[in-house]
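Note sheet for the following structure.
The values are calculated or read from the model by the stated rules, or taken from the named source; none is laboratory data. Source: prediction; values computed, not measured. Reconstructed Cβ throughout: ideal geometry from the backbone, glycine too, with neighbour counts over all protein chains shown.
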Amino acid sequence: MCPRGRTACEVLPVHITVLHKQVTGRKLSDPPLHSKSTGLPMKIFDILFVYWYIHVHRPSLPYRPKTTVHPPAKPIGCLLITHLPAKAELRRRPELEGRPLIICDGGAGRPRVLDRTPQAGEARIGESLEAALSRCQDAVALWADTEHYEEVSNDLLATLAEVTDRIEPGKPGAFHLDLTGVARLYGSPDNLHQTLLTACDSHWRPRLGVAAGKFPARCAALQAEAGGVQYLSGNRKTMRRQLAPLPIGQLPVPLEMADRLRIFGIHTFGELARQSAGAVEAQFGPAGRRAWELARGVDREPVVPATLPVSVQEQLDFPFPSDSVTMLESGLQALSQRIWQRRELHNRDVRRVTVRGSLVEGGTWHFERTLNTAVSDGDEMLRILRSGLAARSPDGASRYPVGELEYLTLTLSGLSRRTVGRQHTLWGDTDKAQAQTRLAGRLAGAGRLIPLDPESRLPERRWALGEKLNPLNMPRPLAVESGRRPSLPHRVDLVGNGRWQRVARILDLWEVETEWWRREQIRRRYCRLELDPGKHITVFRDLESGDWFQQDY
């Protein structure tokens, strides 16, 4: 008998109902009447006819439901994280959870809405910030941190690459995957889909769509629930019916084009698909033809796998927020020493250096340097970074961060195997070479001059002599008598025999703070002094112990 709530015409194939009409002159879906030939109710006759057809006639055609699901031969998946910029900002600022949030981009000239939270639903993505705030006055507007969003996308890309390497990043939060043949590695398509969803953190609430093209897969992902999977049929007509009710705003077209389509009375994919291709292309050009094809579920673009970014990263948290250049350079030096000890950089050259810092006021400071010649040691990289930061940008602005930094991140990318040969400049640093030659001749017999860290802020750590690496320019204890200001010298005893010399004036004064990340940090106040006979010396006071020393800087 037929299942409850269904008629025989819904259960049996079409050819059975046609044969029944030829025998009885009546459809199976017609109301039951009494048969004039048999005198039996027609409903009982229908049941006997179905029994005869299945058990006596025994047709060779198999039973097949009317609604058949046709899986795509080459499935394309779209793992979608909706509102990725907004979720990334909420992850950094949990106090904004539940409030209407608008992420804007485009510069201070004419900012536009890049993303929003569901609480700011009246704001439209792509419109001006002024128009969005006029409709959602309680919204909190934040400038887009594109570097942070790119870093989040790269992390998600690296995570998904552990499942399949055929991934193409799309719009922010969208990752297109070629799933052809991948399900065999995981036992079934369901296992593969669950593996992709669980690879992402639950905070992102990912959803997966599977279809026969990249755009249909994205539409399927938009229809899926958070943490769920939505399929579109591989049959072109069936997929077109599934896409028909979707709003026109989901097409990848400019906002102005979507508004013009609504003016013409076209609000859904189905209404656009019913138009002629020539009329749409004549009105909107190639973009209209592309939109018409996408509305019909036609997307011939293949998945082009992206090259996975290979990089090494280290992060340093400052003990307190600081906008000091000295603190920044000290942090870079500590990160450089730490990152070049990583196993990944063994026998490797680096061609790109990226420095990021988190500002206390919000946002990220970013400095990136692409090296013409690959570097293979931290000292050379640190020298290039310092010279790049000291130089001004083309518009005359400083490249140092404007504001206090909370932490610093150093990323090295563009890794390659270290080459044996190295190309030097045509004209070398002759001044430095001549100075080294004169110094070595003056110190004849004392050993060979060896550079330790020529760029160090501490003079005793720049050069050494001999194989035992005896440091040059070591600080010498000095007897100093302070005047009215205890932090400044008034008289000095250079020889230590009680013959004091008065300080005529202080020519220069500066402080050095370095190695603050160690237990015994170094804090010095240097003074360039002019004594009575016209002699110039450099002394410093150790701010930790209070002792005075003489040292040429």
Selection count, the range 231-274, where residues are touching a Pro at 6+ places or on another chain (Cβ under 9 Å), hydroxyl-bearing (Ser, Thr, Tyr) and closer than 28 Å to residue 189 by Cα: 2
If you check 258, 279, 291, which single one turns out to be buried (at least 16 other Cβ atoms within 10 Å of the Cβ), free of Cβ contacts under 8 Å to residues at least 12 places away in the same chain, out of contact with any His (no Cβ under 9 Å at 6 or more places or on another chain) and not acidic (Asp, Glu)? 258
Just for strands (runs of 3 or more DSSP E) wholly inside the range 439-507: which have at least 1 residues that are at pLDDT 70 or above and not hydroxyl-bearing (Ser, Thr, Tyr)? 479-482, 489-493
Output the number of the condition that residue 137 fails; it satisfies all remaining conditions of (1) of a type outside the set (Gly, Ala, Ser); (2) surrounded by fewer than 19 Cβ atoms within 10 Å (Cβ to Cβ); (3) farther than 23 Å from residue 252 by Cα; (4) at pLDDT 85 or above. (4)
Going through the range 261-270 one residue at a time, which ones are of a type outside the set (Ser, Thr, Tyr), crowded, with 16+ Cβ neighbours inside 10 Å and not in a loop (DSSP other than H, G, I, E, B)? 261, 269, 270
Could you count how many residues in the range 222-239 are over 26 Å from the mean Cα position of the chain (by Cα), within 20 Å of residue 173 (Cα to Cα) and assigned to a loop (DSSP other than H, G, I, E, B)? 0
Looking only at the range 135-153, filter to residues that are of a type in the set (D, E, K, R) and in a loop (DSSP other than H, G, I, E, B); which one of those is farthest from residue 80 (Cα to Cα)? 138
Go over the candidates 350, 355, 325, 360 one by one and state the one that is of a type in the set (A, V, I, L, M), touching a residue at least 60 places away in the same chain (Cβ under 8 Å) and touching a strand residue (DSSP E or B) at 6+ places or on another chain (Cβ under 6 Å). 350
Looking at 216, 302 in this structure, which one is assigned to a loop (DSSP other than H, G, I, E, B), under 31 Å from the mean Cα position of the chain (by Cα) and closer than 19 Å to residue 171 by Cα? 302
Scan the range 234-247 and give yes if some residue there is among the β-branched types (Val, Ile, Thr) and either crowded, with 17+ Cβ neighbours inside 10 Å or free of Cβ contacts under 8 Å to residues at least 40 places away in the same chain (or both), otherwise no. no
Determine whether the range 162-178 contains at least one residue that is over 25 Å from residue 85 (Cβ atoms), among the small types (Gly, Ala, Ser) and not in a helix (DSSP H, G or I). no
Can residue 306 be described as under 30 Å from residue 164 (Cβ atoms) and modelled with pLDDT under 85? yes
Which of (1) over 30 Å from residue 340 (Cβ atoms); (2) touching a residue at least 12 places away in the same chain (Cβ under 8 Å) does residue 311 not meet, given it meets every other one? (1)
Mind checking whether some residue in the range 251-274 is closer than 18 Å to residue 72 by Cβ, among the aliphatic types (A, V, I, L, M) and within 33 Å of the chain's Cα centre (by Cα)? no
Scope the range 101-125; condition touching a Pro at 6+ places or on another chain (Cβ under 9 Å) and surrounded by 13 or more Cβ atoms within 10 Å (Cβ to Cβ); matching residues: 103, 104, 105, 114, 115, 116, 117, 119, 120, 122, 123
A careful count of residues in the range 325-353 that are under 14 Å from residue 383 (Cα atoms) and of a type in the set (Ser, Thr, Tyr) gives 2
Select, from 181, 173, the only residue that is among the small types (Gly, Ala, Ser) and out of contact with any helix residue (DSSP H, G or I) (no Cβ under 6 Å at 6 or more places or on another chain). 181
